[in-house]
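Written below as structure tokens is the structure these notes are about.
What follows draws every value from the coordinates through simple rules; no lab data is involved. The structure presented is a predicted model; accordingly, all values stated were derived computationally and were not measured. Cβ sites come from the backbone with ideal geometry, for glycine too, and all protein chains shown count toward neighbours.
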Amino acid sequence: MKPVIESRSVTKKYQIAGNLPAGYRTLRESLSSWFRPAGNRKEFTALDEVSFDVLPGERWGIIGENGAGKTTLLKIIARITPPTKGSLVVRGRVASLLEVGTGFHPELTGRENIFLNGSILGLSRREIQGKFDEIVAFSEVENFLDTPVKHYSTGMWARLAFSVAAHLEPEILLVDEVLSVGDADFQDKSLRKMSDVSEQGRTILFVSHNMPAVRRLCTRCLWIGRGKIRRTGTPDEVIDAYRSTVRDDSPGFADLASVERRRGTQEIRLARIELKNRGGETTGTYAIGDDLNIHLFLEPRRPLKKVKIIVGIEEPGGERLCTMYENDSGFSLKDVSLPVHVSLGIGDLRFCPGRYLVTVLLCSEIFNYTCDVYDDPGACIGFTMVNNCVTNRALMRQGGLLYLTPRWEFHGERP
Amino acid sequence: MSRIEYEITRPRWTRFNVREWWEYRELFWFLAWRDVKVKYKQTLLGIGWAVLQPLALMILFSVFWKWVIRVDTGVPYPVFVYSGLIFWGLFASGAGNAGGSMIDHANIIKKVYFPRIIIPASAVLVSLLDFAVTLVLYVALIVFYGVKIHPPVFLGCFALGLLMTVFAALGCGFFFAAANIRYRDVRYAIPFLLQLLFFATPVVFPLSVVRSEALAFVLSLNPMAAAIHVARAGISVESMNWQLVATGLAASVLIFLGGLALFNRNEIDCADIL
């Protein structure tokens, strides 16, 4: 069988001038750069000699850290940006779920947008006409077909956009989970669409940080690190190899005061976070059974009546292990006007060996399921659980993320 | 299994994939259709705006002409100036819209592949549709002022002038669009440049007022001077200046090809730059 995608030494380089990507500059900057030595220009290699073959019907998961080049690879396959060197042969129509709603115009009606969007995504007029009823039925917006989409709710807009994309019937489907942020409903729909598509024997390339989803959906896995292929193989072996290299180099504290780009009003911010063990030492390494004390240093910009603190623990695949609200433990933080120091202690850690991330969210009182987010620095620090020989068997993460030692009892023989 | 098969490499800018442009003609129509629809949505006058602009300018210039300067134009001045204004309008709005089109469509460009040339080209098509609407008034003016025309000559001159205008608008549009991808300065320079060019084009005055030979030569390099001259030859008694037409035609074709080449060269990386 001929591969549907043959990638041969695909390389992509970007020129970086200061903080801006090359090209995006004014004429004046360009003129002045002619008088600067050429060595001043920095180059960034997003993809470095990437070669692989994808066979028809395979479902590839593409994993790697942020900025590793996963999205660049999809963009090259979708022909949005050309490789700097190397070549790719693609056999079949490519569509991607990152194009949902591309070209939608708020002033046009739903009907008009279906035609326009379909045409941008590469469908001919006749194909759109053929599938029109199906698209409309799937989107559930029949009654508003002749209403400009600016009057649509966000949900209606998304449903209409998704149903056009879902009816493309490409031979090769590209899905970038990283780009379809936020909307859980949409992510769910993308995943469902992917399994539908794969049942029809089409090929899928799926960029994701969601390791369980990659394990569940994919037949092959490609791990990209710093623009290079680190490993290809079955999802299980590649994901395990990827996880084993995500090493802990966290010293157990992080200064966040200088981190500028974060969500929230910043009326109060997390300036520093420290992880301490039972002995009060700041460290990023913990063994099963240890205590973990999370110390938060908060700096308000204005006096606040009440600050809610929500701390979560995640594994690097994005799966949440727990979420802890301050009021669950009967704690509350009121009338904050000066910098404060708060800590929470978790006794007897039971997480399996591996790396974990701590997320923090500061917000106002939750009312009607909504609140004002003050500060959301996200996963701001990591820690590593190590095996301190609590058991002589190897603790694999496939066996679950918790290591529990329950009380076992023998209740006698029952004839 | 689909028969679609293609190789993705860094394209060479000298490669003009005309067959692919043809395959994407539907999208070309769709984009123009969308722009026309959107442009006149929720407007009272709708497409009437296309006529209103040259009409207002025609009245303004006619009044000005009557009271201030008087040069024989051969035909009633309103018809004369209107014919120049609509051709100039087609060129200026076509080139101007095409120039900004790549930035306006950045979100599509960054998400979907299609031959990028479609975008500035469809911007010119939108102006062409506006132009078609203004012709209604043109014909009405000719009838109203009783301008004697010889239909085959009129249509022939009109078609040649239109062709030159479209070539010039596409060429300048490609050029502006390509420059705009890289340098945002261009966006501010375009209206200014077009304004300058307006005064260097015999739109509101006949060519005959230009007495200096040197100036006449410079004017002949401006394809719009020739295009408007040709289009007017169909209505006025002014004789056809074949030398001007030849240089103008050559200039418009050269601008078209040059703009196309420059655009092709710059669109390769546009998704990374925009």
Residue-averaged beta-carbon neighbours from other chains (10 angstrom radius) around B:176-183:
2
Please arrange B:Phe131, A:Phe138 by how many other C-beta atoms lie within 10 Å of their C-beta, fewest to most.
A:Phe138, B:Phe131
Mean Cβ-within-10 Å packing, highest first, puts peptides A:216-225, A:330-339 in the order A:216-225, A:330-339
For A:86-95, what's the mean count of beta carbons from other chains sitting within 10 Å of each residue's beta carbon?
4
How high is the relative contact order of segment B:221-274? Use alpha-carbon pairs under 8 Å, at least six apart in sequence, and give a whole percent.
39
Once you've got the GNM for chain A with C-alpha springs shorter than 10 Å, pick whichever of A:Thr203, A:Thr11, A:Thr84 has the biggest mean-square fluctuation.
A:Thr84
Once you have a ≥ b ≥ c as the square roots of the Cα gyration tensor eigenvalues for chain B, tell me rounded if a/c is under 1.5, and otherwise prolate or oblate according to whether a/b is larger than b/c.
prolate
Charge-dipole axis of the protein assembly as shown as Lys and Arg at +1 and Asp and Glu at -1 on Cβ define it, positive-most pick from A:Gly101, A:Gly378, B:Gly84
B:Gly84
Can you check what the net charge comes to around B:Phe174, using other residues whose Cβ is under 15 Å from the Cβ of B:Phe174 (Lys, Arg +1; Asp, Glu -1)?
+2
Hey, can you rank B:90-99, A:366-375 by average C-beta count inside 10 Å, highest first?
B:90-99, A:366-375
For A:Asp146, the net charge from surrounding residues (Cβ-Cβ under 11 Å; K, R +1; D, E -1) works out to -1
Give the peptides A:118-126, B:134-142, B:209-217 in descending order of average Cβ contacts within 10 Å, highest first.
A:118-126, B:134-142, B:209-217
Residues A:Arg79, A:Arg269 arranged by fewest to most Cβ contacts within 10 Å:
A:Arg79, A:Arg269
Exposure proxy check on B:Val63, B:Val203: fewest-to-most Cβ neighbours within 10 Å is B:Val63, B:Val203
Rank A:Phe138, B:Leu274, A:Ile366 by how far each Cα sits towards the positive end of the charge dipole of the protein assembly as shown (+1 on Lys, Arg Cβ; -1 on Asp, Glu Cβ) and give me just the farthest.
B:Leu274
What do you get for the angle between helix A:110-120 and the principal long axis of chain A? Use alpha-carbon atoms, 0 to 90 degrees, nearest ten.
80
Across peptide B:24-31, how many C-beta atoms of other chains are within 10 Å of each residue C-beta, on average?
4
What is the helix-to-structure angle for B:151-182, meaning the angle in degrees between its Cα long axis and the longest Cα principal axis of chain B, kept from 0 to 90 and rounded to the nearest 10?
40
Given the -39500 (n - 2.57) contribution per DSSP H run of 4+ residues, what per-residue ellipticity at 222 nm results for chain B, rounded to the nearest 500 deg cm²/dmol?
-24000 deg cm²/dmol
Which of the listed residues, A:Gly318, A:Pro339, A:Thr265, is farthest toward the dipole's positive end in segment A:220-365, when Lys, Arg count +1 and Asp, Glu count -1 at the beta-carbon?
A:Thr265
List, largest first, the extents of the alpha carbons of chain A along their principal axes, each in whole Å.
71, 69, 60
Compute, for chain B, the length of the dipole vector about the Cα centre, with Cβ point charges of +1 (Lys, Arg) and -1 (Asp, Glu) only. Units Debye, rounded to 20.
280
Per residue of chain A, what 222 nm ellipticity follows from adding -39500 (n - 2.57) for every DSSP H run with n ≥ 4, rounded to the nearest 500?
-6500 deg cm²/dmol
Lys, Arg +1 and Asp, Glu -1 on Cβ, resulting dipole of segment A:71-125 about Cα centre, debye, nearest 20
360
For the protein assembly as shown, size of Cβ-based charge dipole, Lys and Arg +1, Asp and Glu -1, in debye
1540
Using alpha carbons only, how many degrees (0 to 90, rounded to 10) separate the axis of helix B:223-233 from the longest principal axis of chain B?
50
Relative contact order computed over chain A (Cα-Cα under 8 Å; 6+ residues apart), in percent:
14
